[in-house]
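Novice: Okay, handing you the structure first.
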Amino acid sequence: MHDQDYDDELASQLAALLGHFTIDTAIVEEAFYQNGWVERFDATFFIGGTHRDINPAFLDDAFGTDRTIVWLGRGIDQLDARHPLSSRYGFAYGRVDASGEFTDVSYKDVALQKTDPVTAISYVTDENKARVMAWLEGPDQPEPYVIRSGNFWVFADIPMIQAGDSSAYLVLADLLHDALERPHAEEHRAMVRIEDVHPNIETAYFNQLVSYLYNHEIPFAVALIPVYVNPDTGEEIHLSDRPDFVKAIREAERKGGVVVLHGYTHQLYGMTGVDHEFWDNRVGAFPENETVESIRDKVESGLREVRAAGIDPVIWETPHYNASGLVHKVVAQYFSVAWERRDAPFFPYVVTYPDTGQTLLPETLGYIRGEEHPAADLLKVADKQRVVRDGFASFFFHLHIKESQMREMIDGLEDRGYVFAPPAEVAGLPYTPPEPPSWLSKFASGVSEHVGAFIPQGLKQMSSATVLTLLAIFIIFYYWGIFLLSRKPPSYKGEYDPDLLFVVVVPALNEELVIGKTLDHLLSLKDDNLLILVVNDDSDDDTRDIVLGYPQDRVKLIDHPRALSRQGKGRVLNYAFRYLMASDIVKQKGTSKVIYGVLDADGRVEKNLVSEINPYFADPRSGAVQVGVRISNANTNILTKWQNFEFLAFARLAQKAREHLGSVGLGGNGQFVRLSALASLGSEPWTDCLTEDLDLGIRLMLKGWQNHYCSNTFVAQQGVPTMKALIRQRTRWFQGHLTCWRHIPALSYRHKEPSARIDTIYYLLAPLMVFVFLPSSLLFIMWSVYFIATGASSLTFSPLDYIPAILIWYLFSFGAVPTVVWTFWREEKDMSGWKAFLWAHIFSFFYIFWFLAGIKAVIRLARGEGSWVKTGRVREVHQHP
């Protein structure tokens with residue numbers, strides 16, 4: 001219903017928006033309303049835009065009905081005067097304000113622009129009957145913008161008037177779900193379209209962008225113009241003239257791109273992409289000679305062109321969104337889906353367009369225009385559009401923008417919780433997802449996009465020996481830099497928070513040899529804010545009975561369901577996470593005040609554990625804290641000594657430095673994570689990655705959380721005393737490390753400190769060094785022995801001539817060793833400096849285990865093997881409670 005005489009534009013816009021709900025609508029001028037019509041419809045919307053008297057029959061029916069009434073704008077004063085609203089609905093008309101001082105509407109704590117200058121304000125008189133759903137913001141106190149009383153809704157203005165992408169029109173779009181009783185779960189999806197793709201584009205750049213989208217698993221669409229025309233140059237380029245372009249489009253389809261037919265030539269008198277096709281830009285009107293036949297000819301010509309090239313467009317987009325209703329009706333005979341803006345200010349979600357029956361996909365953000373309209377501007381709008389519970393963030397870009405701008409937009413939307421969806425699938429069209437890119441493809445793409453462009457041409461032409469030498473020098477400088485950083489005091493430590501609750505989760509699968517002593521150590525921590533949660537992963541030894549022997553007020557045992565058991569540590573940790581999220585403790589404390597600790601069943605903690613970790617969480621941005629790790633049975637044999645050297649020297653040195661770089665990694669033992677940080681990763685924070693700890697730390701960093709390293713306390717764990725078990729353990733770690741390469745592209749462009757991203761990328765790539773330096777070092781030794789044994793004695797040879805080669809070999813093989821000797825010596829207080837120096841050199845050769853494990857890991861990856869192998873334990877004696 002509307003009061004605008006024969007001008008039903010606003011009513012048509014509202015009817016189009018209501019197309020989201022697949023309902024039948026009728027537009028009626030209120031002057032022609034007849035008694036009882038309200039009862040013939042499930043809901044009646046009244047649009048009041050004038051001062052004229054409203055049909056009394058409608059006023060009577062609107063007040064007395066139990067059907068839904070949604071009142072937009074003026075006229076509510078007439079209804080209140082005829083039937084006082086306060087008695088039945090608990091609100092009353094107040095006043096009209098035309099000052100324009102109300103500039104914003106507050107809805108879901110988001111400020112949206114108010115675009116209708118006239119405001120009809122009502123007030124709640126009985127809060128038991130009516131409540132305010134959105135507020136007007138002005139120079140003085142807030143006033144009601146939307147009031148709901150049961151089935152009666154009142155909007156203080158007409159949201160469609162001059163509506164913009166971040167205006168109060170979004171309030172209407174969202175509340176329609178409630179008014180029409182069509183509930184919809186909170187779901188925020190995104191769509192992206194590459195615009196104005198025609199045969200005269202630079203194919204290489206197009207391919208680059210498509211590869212980026214594919215390798216980052218971003219569904220996309222290509223707005224294809226089949227024929228390029230430029231009257232100024234006389235050019236006319238068809239698809240058949242550019243086989244490389246056709247190949248690029250078909251490859252885009254293979255990678256999941258959906259082709260959108262964007263006109264035939266996208267021009268009438270001017271150049272393709274600049275001119276309109278169904279609008280005469282010279283006179284500012286629809287083409288004078290436009291007919292059904294002329295429209296059909298253009299659409300069919302475009303379809304013939306693309307189909308002859310083996311390309312299948314399934315969606316239509318009107319060039320520049322500008323065409324007559326006749327064009328839309330003709331196009332609807334060829335395409336059931338269009339992707340554009342029409343009539344209504346815009347559609348924040350999918351609608352069925354009333355005039356044509358077409359499905360219209362939403363385009364909500366416009367397009368990136370470089371510095372003039374950068375991605376940051378669109379992202380601000382996307383923030384506001386999240387108030388629509390099932391709204392889309394839908395945008396497009398042209399091929400003249402920089403790739404970095406596209407990445408910024410995609411990254412920003414994902415950071416805001418939007419999930420990219422395939423346009424064809426959203427439209428309900430048949431859609432087959434592409435084969436997912438391999439991790440190797442994603443990694444290679446990331447390197448090519450973000451690293452390759454910065455490699456000087458001269459470096460690419462260097463010999464392998466020169467490159468290896470430069471690489472060795474880089475690594476030496478890197479570790480010396482890390483060493484110097486590690487000597488700095490910790491960058492952050494706040495105040496102790498007595499409200500923090502620490503829940504230490506102990507995954508347990510056949511841990512009877514060690515679980516008792518672990519619980520003894522944990523119970524020795526006399527902290528009231530510490531709970532112990534043991535998750536039995538279907539153990540078939542005495543693990544469960546041992547745990548049940550401890551006081552259940554501090555040690556809680558839960559059983560991992562048998563159907564889900566023995567599938568990896570990550571599954572166990574996720575089960576404990578869901579258990580905690582549903583617990584009364586978390587409901588009382590809140591997720592930000594609960595710290596989820598992970599301790600392996602062979603873990604031993606120090607008494608200062610909680611007191612040292614707690615202050616790091618004073619900063620609300622702190623997501624996780626990793627403590628130091630040492631080997632409890634280090635003196636068993638030389639293998640366990642080497643493992644202790646790794647943790648006390650290399651790992652400790654690197655983690656202390658990474659505290660300053662912002663790239664602290666999480667280990668499988670001794671990690672403590674804020675529950676709200678885990679919740680930000682979804683219902684299953686830990687993945688099935690074989691190094692779920694490393695994977696978790698990287699994903700927390702990418703989500704914007706800060707990981708810290710606490711060097712003042714330790715967790716001790718068992719070392720692996722046999723060679724076979726050690727190689728098996730390191731194979732699992734190496735393979736998990738390689739699978740984490742999938743994060744390198746995200747680390748390359750996410751908005752995070754460059755130092756943190758670069759260091760994390762280096763850490764992920766570091767295993768490659770095992771394949772480079774260890775074989776090279778051993779080959780040098782073997783060559784030297786062979787040279788001396790077979791030929792050196794027959795030459796005029798001085799040992800002094802060999803010193804430079806030995807020095808180069810030493811720097812190549814051990815250049816970084818001195819940086820860890822200091823740390824190792826300081827931790828092993830009963831060891832002399834020279835002894836620590838000697839052990840550091842001996843232990844360097846033990847990296848042959850990493851080399852062997854790396855080969856096995858690569859083979860397992862090639863075979864698609866990803867099974868989880870639990871590290872065995874050594875029996876320990878404990879005092880049973």
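The numbers here are math on the coordinates, done by the rules we state, and not lab data. Only a predicted model underlies this, so the values are computations on that prediction, with no experimental measurement involved. In this analysis, Cβ positions are derived from the backbone assuming ideal geometry, glycine residues included, and neighbour counts consider all displayed protein chains.
Novice: For residue 5, what charge total do you get from the other residues with a beta carbon under 11 Å from its beta carbon, if Lys and Arg give +1 and Asp and Glu give -1? Don't skip to the answer; put the middle values down first.
Specialist: Working: positive: 52; negative: 3, 7, 8, 29, 30.
Local net charge: -4.
Novice: Choose one of 45, 117, 134: the residue whose Cα lies farthest towards the positive end of the charge dipole of the stretch 9-179 (beta-carbon charges +1 Lys, Arg; -1 Asp, Glu; about the Cα centre).
Specialist: Checked the options; the winner is 45.
Novice: Another question, then. In whole Hz, with x marking every Gly and Pro, tabulate ³J(HN,Hα) for the stretch 249-256 from phi via Karplus 6.51 cos²θ - 1.76 cosθ + 1.60, θ = phi - 60°.
Specialist: Couplings: 5, 5, 5, 5, 4, 4, 8, x Hz.
Novice: Quick one: what do you get for the stretch 286-332 if you divide its Cα Rg by 2.2 N^0.38 Å? Walk me through the numbers before you get to the answer.
Specialist: Values: Rg = 11.4 Å, N = 47, 2.2 N^0.38 = 9.5 Å.
That works out to 1.20 for the stretch 286-332.
Novice: Using only Cα atoms, what Kirkwood radius does the stretch 9-179 have, in angstroms?
Specialist: On the way: mean 1/r = 0.0619 Å⁻¹.
Result for the stretch 9-179, one decimal place: 16.1 Å.
Novice: Another question, then. Say each of residue 619 and residue 238 gets a label point 7 Å from the Cα, pointing the same way as Cα to Cβ; how far apart are those two points in nm?
Specialist: Rounded to a tenth, the inter-label distance reads 6.4 nm.
Novice: How high is the relative contact order of the stretch 1-91, in percent, with contacts defined as C-alpha pairs under 8 Å that are six or more residues apart?
Specialist: Values: 109 pairs, mean separation 26.6, N = 91.
Normalised by residue count, the contact order of the stretch 1-91 is 29 percent.
Novice: Still on this model: Enter the mean projected area of the convex hull around the alpha-carbon atoms of the stretch 94-137, in nm², rounded to one decimal. Don't skip to the end; give the middle numbers.
Specialist: Values: hull surface 13.4 nm².
With the hull built on Cα positions only, its mean projection is 3.4 nm².
Novice: Another one. Using Cα centres only, tell me the gap between the stretch 643-666 and the stretch 9-70 in whole Å.
Specialist: 68
Novice: So what are the radius of gyration and Dmax for the Cα set of the stretch 113-237, in Å?
Specialist: Rg then Dmax for the stretch 113-237, in Å: 23.7, 72.
Novice: Where the only charges are on Cβ atoms (+1 Lys, Arg; -1 Asp, Glu), what is the dipole of the stretch 585-639 about its Cα centre, to the nearest 20 debye? Each step should come with its number before you reach the end.
Specialist: Numbers: 7 positive and 5 negative charges, 54 e Å.
So the dipole magnitude of the stretch 585-639 works out to roughly 260 debye.
Novice: Follow-up question, since we're still on this one. Select from 287, 320, 308 the residue farthest towards the positive end of the dipole of the stretch 274-321; place +1 on Cβ of Lys and Arg, -1 on Cβ of Asp and Glu, and compute about the Cα centre.
Specialist: Ranked along the dipole, the leading option is 308.
Novice: Another question about this same structure. Relative contact order of the stretch 9-179, please, whole-number percent, based on alpha carbon pairs below 8 angstrom and at least 6 residues apart. Could you put the intermediate results ahead of the total?
Specialist: On the way: 318 pairs, mean separation 34.7, N = 171.
Taking the mean separation of contacting Cα pairs over the length of the stretch 9-179, I get 20 percent.
Novice: Arrange the peptides 69-76, 244-251 so that the one whose residues have, on average, the most other Cβ atoms within 10 Å appears first.
Specialist: Numbers: 69-76: 24.6, 244-251: 17.5.
So the peptides 69-76, 244-251, ranked by packing, come out 69-76, 244-251.
Novice: Quote the charge dipole size of the stretch 9-179 about the Cα centre in Debye, to the nearest 20; the model charges only the Cβ of Lys and Arg (+1) and of Asp and Glu (-1).
Specialist: Details: 12 positive and 26 negative charges, 59 e Å.
In total the dipole reaches around 280 debye.
Novice: Still on this structure, please answer the following. Return the long-range amide H neighbours of residue 220 (sequence gap of 5 or more, or a different chain), with a cut-off of under 5 Å between placed amide H atoms.
Specialist: Amide H neighbours of residue 220: 258.
Novice: If we count every other residue with Cβ under 11 angstrom of residue 689's Cβ, Lys/Arg +1 and Asp/Glu -1, where does the sum land?
Specialist: Details: positive: 569, 699, 732, 742; negative: 688, 692, 693, 695.
Neighbour charge sum, excluding residue 689 itself: 0.
Novice: In addition: Can you give the extra length, in nm with one decimal, that the chain gains between residue 8 and residue 294 once fully stretched, where that is 0.36 nm per residue apart less the Cα-Cα distance? Before the final figure, lay out the partial values.
Specialist: On the way: separation 286, 0.36 × 286 = 102.96 nm, distance 2.90 nm.
Going from the current span to full extension adds 100.1 nm.
Novice: What shape does the stretch 350-401 take by its C-alpha gyration tensor, where a ≥ b ≥ c are the square roots of the eigenvalues and a/c under 1.5 counts as rounded, a/b above b/c as prolate, and the rest as oblate?
Specialist: Details: a/c = 3.86, a/b = 1.57, b/c = 2.47.
Since a/c reaches 1.5 but b/c is at least a/b, the shape of the stretch 350-401 is classed as oblate.
Novice: To the nearest 20 Debye, how big is the dipole of the stretch 313-410 about its Cα centre, given +1 on the beta carbon of each Lys and Arg and -1 on that of each Asp and Glu?
Specialist: Working: 10 positive and 12 negative charges, 32 e Å.
Using only the charged Cβ atoms, the result is roughly 160 debye.
Novice: Turning to a different aspect of this structure: Please report the equivalent ellipsoid semi-axes of the stretch 380-429, computed as sqrt(5 x eigenvalue) of the Cα gyration tensor, largest first, in whole Å. Spell out each step's value before the answer.
Specialist: Details: eigenvalues 78, 52, 17 Å².
So the equivalent ellipsoid measures 20, 16, 9 Å along its semi-axes.
Novice: So, one more: For the stretch 116-174, what is the relative contact order in percent, using Cα pairs closer than 8 Å and at least 6 residues apart in sequence?
Specialist: Working: 77 pairs, mean separation 17.6, N = 59.
Relative contact order here is 30 percent.
Novice: I've got another one for you. Taking every DSSP beta bridge with both residues inside the stretch 9-179, roughly what % is antiparallel (nearest 5)? Before the final figure, lay out each step's value.
Specialist: Numbers: 22 of 33 bridges.
The antiparallel proportion sits near 65 percent.
Novice: In the structure displayed, which of 641/724; 488/703; 380/703; 255/380 lie more than 21 Å apart, Cα to Cα?
Specialist: Distance filter (> 21 Å) returns 488/703; 255/380.
Novice: Write down the percent of antiparallel bridges among all DSSP beta bridges whose residues are both part of the stretch 196-300, to the nearest 5.
Specialist: The antiparallel proportion sits near 45 percent.
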